[in-house]
1. Cα gyration tensor of segment 116-211, axes a ≥ b ≥ c as square roots of the eigenvalues: rounded (a/c below 1.5), prolate (a/b > b/c) or oblate?
2. Once the whole set of protein chains is in place, how much accessible area is left on Phe94, using a 1.4 Å probe, in Å² to the nearest 10?
3. List the residues, sorted by chain then number, that are 5 or more residues from Ser128 or on another chain and whose placed amide H is less than 5 Å from its amide H.
4. If the cut-off is 17 Å between C-alpha atoms, which aspartates and glutamates fall inside it for Lys84, apart from same-chain ones fewer than 8 positions away?
5. So which aspartates and glutamates can Lys203 reach, going by Cα to Cα under 12 Å and dropping same-chain residues fewer than 8 places off?
6. Short version: ³J(HN,Hα) in whole Hz for each residue of segment 58-66, in order, from phi by Karplus 6.51 cos²θ - 1.76 cosθ + 1.60 (θ = phi - 60°), x for Gly and Pro, what are they?
7. Any idea what angle helix 141-152 forms with the longest principal axis of the chain, computed on alpha-carbon atoms, 0 to 90 degrees, nearest 10?
8. Compute the Rg to Rh ratio over segment 1-73 from the alpha carbon atoms, using the Kirkwood formula for Rh, and round to two decimal places.
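The values are calculated or read from the model by the stated rules, or taken from the named source; none is laboratory data. None of the values given here were measured: they were computed from a predicted structure. In this analysis, Cβ positions are derived from the backbone assuming ideal geometry, glycine residues included, and neighbour counts consider all displayed protein chains. Each accessible area value is taken on the protein alone, full model and side chains, heavy atoms only, with ligands, DNA and RNA left out. Shrake-Rupley method; radii C 1.70, N 1.55, O 1.52, S 1.80 Å.
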Amino acid sequence: NAYIFGSGTDSIVYTGAIHGNERSTRLLMERWKDELEANVRSIPQGKTVVVIPQLNPDGVATGSRVNTRNVDLNRNFSTSDWRKDITDVNNRPFAGGGGAEAMSEAETRTISGYIQRLRPSLVLSYHSIGGLVAANQAGNSAARASLYSQLSGYRNTTGQTSTTFEYAVSGTADDWYAEKLGVASVLVELGSHSYHQFPLNQKAMWAMINA
């Protein structure tokens, strides 16, 4: 489900729970949705804000990182580095974790098709638990990530993907947005799997609309 606020031509999209066990991201999106509903008049004219609380609803329902077909959705996008066989977050081999082929999963095709049609100026992709932000380096994403970092206190690791995570990362949504669409995206890793950390993120989330 996507919740839409405002009616401008410039869209900013906030997404949570592409990994179903990252519960905090869905909770943050629900808090953000409530915030926007209560302050809809604060959304600048010309802007549309889209909130998608959970990209992996089946994973959320079961508390699983993967979907019901045992695919990590954030390894299933048709990027230049997509791989069928990946490693999990503990750096163990995960055969077929990237999907039988790129874009094999219904959830992946749904969000990619939506972003392709909408062509937002920015996507915010929420994860946990790194306590960091990283731009996909398309458009003005680096400046957005820097601002988000300053306002939230999360460290900015833009351009340091190979050293930020202790496991191999491939076929991600954020890289797909950059490679296929040239759409700016900022990955935000919350510092908790269970707590939404809305007080830390509130100012930064508004700043992404006003930037």
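1. On the way: a/c = 1.64, a/b = 1.13, b/c = 1.45.
Oblate, since a/c reaches 1.5 and b/c is not below a/b.
2. About 40 Å², rounded to the nearest 10.
3. Counting only residues 5 or more places away or on other chains, the set is Leu190.
4. Reachable aspartates and glutamates: Asp72, Glu101, Glu105, Glu107, Asp175.
5. Here the aspartates and glutamates satisfying the reach criterion relative to Lys203 are Glu35.
6. Couplings: 5, x, 4, 4, 9, x, 10, 4, 9 Hz.
7. 70 degrees
8. Working: Rg = 13.8 Å, Rh = 12.8 Å.
Computed over Cα atoms, the ratio is 1.08.
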